[in-house]
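Just so it is clear, none of the values below were taken in a lab; they were calculated from the coordinates. In this text the structure is predicted, and so the values were computed from the model without any measurement. Note that each Cβ is placed from the backbone with ideal geometry, even for glycine, and that neighbours are counted across all protein chains shown.
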Amino acid sequence: SQQGEEDPQALSIQEGENATMNCSYKTSINNLQWYRQNSGRGLVHLILIRSNEREKHSGRLRVTLDTSKKSSSLLITASRAADTASYFCATEYFGANSKLTFGKGITLSVRP
Amino acid sequence: DVKVTQSSRYLVKRTGEKVFLECVQDMDHENMFWYRQDPGLGLRLIYFSYDVKMKEKGDIPEGYSVSREKKERFSLILESASTNQTSMYLCASSVRVQETQYFGPGTRLLVL
């Protein structure tokens, strides 16, 4: 499988703390995306980072990409209870007919 | 805002029934996708369509077919439902295949 692999599988933090989630992948990519899924709902796109970018910000989100290590991190700063959700990384591989491949997800729980 | 709607949130069917899952998007997107999501397996692509009447198999097309007669509508068909098709089904659309995907709320299908 060419899925990205998220790490950890589950994360529990206190409100106000930062949450760091990681994604590793196997072969060269065009871009990497992070999505959020609230319980029982569809996925919502958070951020897209291209292979020639190293870091992107969106509000309290910071995404980094290290193509030499084939890994990405999603940092949520000053977490809130509403950030409780599953987070997925999705990669678009070179030569993969340009489809996105999703990982299995990280379950983040933010305790009030 | 992009809106992707799915015909049912919950569906219960009997083994052997023909099942239609409908998806409609209102943003004139070229590309539409059907995924299934199962615990521990993440999202897996069933079929996608890059234009009206065009379709391509994803990673797990067996037991499914699709129809795209109009640009805004993409249907997933289970010709003869089986219990192993009990799952959450997610529809998505995008401007370009490898870019941001917009997801519907999902249909939770139970096959008895």
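Contact order for region B:4-105, expressed relative to its length and based on alpha carbon pairs under 8 Å spaced 6+ residues apart, stands at 35 percent.
Note on the protein assembly as shown: the alpha carbon radius of gyration divided by the globular reference 2.2 N^0.38 Å gives 1.01. Straight-line reach from B:LYS53: which lysines have Cα under 29 Å away, leaving out those fewer than 8 places along the same chain? Candidates past the 8-residue exclusion: A:LYS99, B:LYS3, B:LYS13, B:LYS18, B:LYS70, B:LYS71. Would you give the gap between the C-alpha center of region B:72-104 and the C-alpha center of region A:1-64, rounded to a whole Å? The distance from the Cα centre of region B:72-104 to that of region A:1-64 comes to 22 Å. For chain B, how big is the tail of P(r) above 23 Å, as a whole percent of Cα pairs? So the pairs more than 23 Å apart make up 20 percent of the total in chain B. Rounded to the nearest 20, the size of the Cβ-charge dipole of the protein assembly as shown about its Cα centre is 200 debye, with Lys and Arg at +1 and Asp and Glu at -1.
Given DSSP loops and a limit of at most 12 other Cβ atoms within 10 Å, what is the longest stretch of chain A that contains no such trypsin sites (Lys or Arg not before Pro)? Looking at chain A, A:1-53 is the longest stretch - no exposed trypsin sites (Lys or Arg not before Pro) with at most 12 other Cβ atoms within 10 Å.
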